[in-house]
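Accompanying notes for the structure given below.
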Amino acid sequence: MNPRWLLPEQMEDLLPAEAWQLEAARSRLLALFRGHGYELVVPPALEYMESLLTGSGEHADLVTFKVVDQLSGRLLGLRADITPQVARIDAHRLAGEGVRRLCYAGSTYRARSGDAGASREPFQIGAELYGHAGLAADLEVQGLLIAALAVLDVHDYVLDLGHVGIFAALVEGLPAALEDALLDAMQGKNTPRVEELTVDLPEARRSALRARPSLCGGSEMIALARQRLPALPGITAALAQLEAAAASLAGQSRLEIDLAELRGYAYHSGMVFAVYAPGYPGSVARGGRYDAIGEAFGRSRPATGFSIDLRDLLPRLTMPAAPGVAWLPASAAAAFGAGELAAQLARHRAAGLVVIRELEGGDGRIDPRCDRHLVASGGALREQPIESNSIQGSTRP
């Protein structure tokens, strides 16, 4: 067997139909973001490792492909997440204060995948809002995510809201080793381990930490959390934000309040959210507030945003409408001078028609995608239907 055509595990080509699906979704989402004032940025796929790992911790280091820069000798990484790159652009490349809205779209690369069978080349598209620490920014981003899901025709989903400030308030002042152990146990939903780690803590804190994993359900969880968690300033503020968000999003999507959600705890600093849909083992979109990420770039700014992996959503993306495809025989092309022929073709293509020219010396067979051909008539190229096609099978243009 010749191995030259094989691809690395969990990496795959997108053939024409899927590639057009992804491109159509990308275009629609960027148009949506632009309509809401978000400006497009395109960071490089390769950066110095120090920049790529900013604010994202050990996990990002484990999933990042690393190479040595032949020019500088420094270690480079293929981005596993575009969000830190956009934060660098806001902090370092774009001057000025106030609110800034940025969006992006591009491939990311994972040395290892968190989900079995998931692609190691996600196509990440997202929007980030910088410079506003208030709840209004979180609500705008969440509303934009809901609009993005509608554009993608994703409707049967649950929007899961959480807040890392609750756990942060409960572990404040604890030894770092104990905080890390509690975080690991809660992320793994390991209730016996949480009970073991909290056995020597004061009753109020012990009860609150043990209660946290069960505080997951509808909006009524917010009232229940007020009863079962201490009224610490960080917890009171977090629950107030979740209550306001739930009220704002009511009627727009199905909501769940998950006060046990701690994914990205080292990365996020406030309200977090994720979207779950039937048929997907993980989230189809994820986001939240991450105020401290720009600090390493010399400009700490409030920030919130979200991202979607379009490659993961490919099975449910709407197939774009296929344009008409016309065949231009060499004999029809020969009826016009070069300039007039170019003008005729430009007119048809501007109207949305795909025109494929027969090449000189070809075998005369019509491209199987064509459903019509162009004929020279009355000094112009005119469309006529093709009754039959000599090549079987087709691929999408």
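The values are calculated or read from the model by the stated rules, or taken from the named source; none is laboratory data. On a predicted model such as this, the values are computed, not experimentally measured, just so you know. Ideal geometry is used to build each Cβ from the backbone, glycine not excepted, and the neighbour counts take in all protein chains shown.
Numerical summary
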| quantity | calculated |
| --- | --- |
| Qualifying residue in region 158-171 (condition: on the phi > 0 side of the Ramachandran plot and in contact (Cβ under 8 Å) with a residue 24 or more places away in the chain) | no |
| Close pairs (6 angstrom Cβ cut-off, 6 or more residues apart or separate chains): of a type in the set (A, V, I, L, M) in region 123-140, surrounded by fewer than 19 Cβ atoms within 10 Å (Cβ to Cβ) anywhere | Leu135/Ala244; Leu139/Ser248 |
| From the options Leu229, Leu178, residue that is in contact with a helix residue (DSSP H, G or I) (Cβ under 7 Å, 6 or more places away or on another chain) and without any contact (Cβ under 8 Å) to a residue 60 or more places away in the chain | Leu178 |
| Any hit, region 131-139, residues being among the charged types (D, E, K, R), modelled with pLDDT of 90 or more and either outside the structural domain of Ala245 (by TED's automatic domain parsing) or in contact with a strand residue (DSSP E or B) (Cβ under 6 Å, 6 or more places away or on another chain) (or both) | yes |
| Residue among Asp291, Asp309, Asp258 that is among the acidic types (Asp, Glu) and in the same structural domain as Val164 (by TED's automatic domain parsing) | Asp258 |
| Which listed residue, of Pro281, Pro329, is surrounded by fewer than 19 Cβ atoms within 10 Å (Cβ to Cβ), modelled with pLDDT under 90 and out of contact with any Phe, Trp or Tyr (no Cβ under 8 Å at 6 or more places or on another chain) | Pro281 |
| Hits in region 343-354 (condition: aliphatic (A, V, I, L, M) and under 18 Å from Gly379 (Cα atoms)) | Ala343, Leu345, Ala346 |
| Flag for Ala147 being surrounded by fewer than 18 Cβ atoms within 10 Å (Cβ to Cβ) and at pLDDT 95 or above | yes |
| When residues of region 306-344 are limited to those that are in contact (Cβ under 8 Å) with a residue 40 or more places away in the chain and in contact with a Leu (Cβ under 6 Å, 6 or more places away or on another chain), the one nearest to His132 (Cα to Cα) | Phe306 |
| Leading residue by the ranking (farthest from the chain's Cα centre (by Cα)) among those in region 284-296 that are crowded, with 19+ Cβ neighbours inside 10 Å and in contact (Cβ under 8 Å) with a residue 24 or more places away in the chain | Gly294 |
| Qualifying residues in region 186-212 (those that are charged (D, E, K, R) and in a loop (DSSP other than H, G, I, E, B)) - the one farthest from Leu174 (Cα to Cα) | Lys189 |
| Helices (runs of 4 or more DSSP H) within region 283-374 that include 3 or more residues closer than 20 Å to Asp81 by Cα | 310-313 |
| Close pairs (9 angstrom Cβ cut-off, 6 or more residues apart or separate chains): touching a residue at least 12 places away in the same chain (Cβ under 8 Å) in region 103-114, among the basic types (Lys, Arg) and exposed (fewer than 15 other Cβ atoms within 10 Å of the Cβ) anywhere | Cys103/Arg34; Ala111/Lys66 |
| The listed residue being of a type outside the set (Gly, Ala, Ser), surrounded by 13 or more Cβ atoms within 10 Å (Cβ to Cβ), farther than 21 Å from Ser269 by Cα and modelled with pLDDT of 90 or more, out of Leu224, Leu239, Leu229 | Leu224 |
| So Asp309, is it crowded, with 20+ Cβ neighbours inside 10 Å and not aromatic (Phe, Trp, Tyr) | yes |
| Unique match (being aliphatic (A, V, I, L, M) and more than 25 Å from Ala80 (Cβ to Cβ)) among Ala25, Ala31 | Ala31 |
| Residue in region 84-120 that is farthest from Glu50 (Cα to Cα), counting only those that are of a type in the set (A, V, I, L, M) and at pLDDT 85 or above | Val99 |
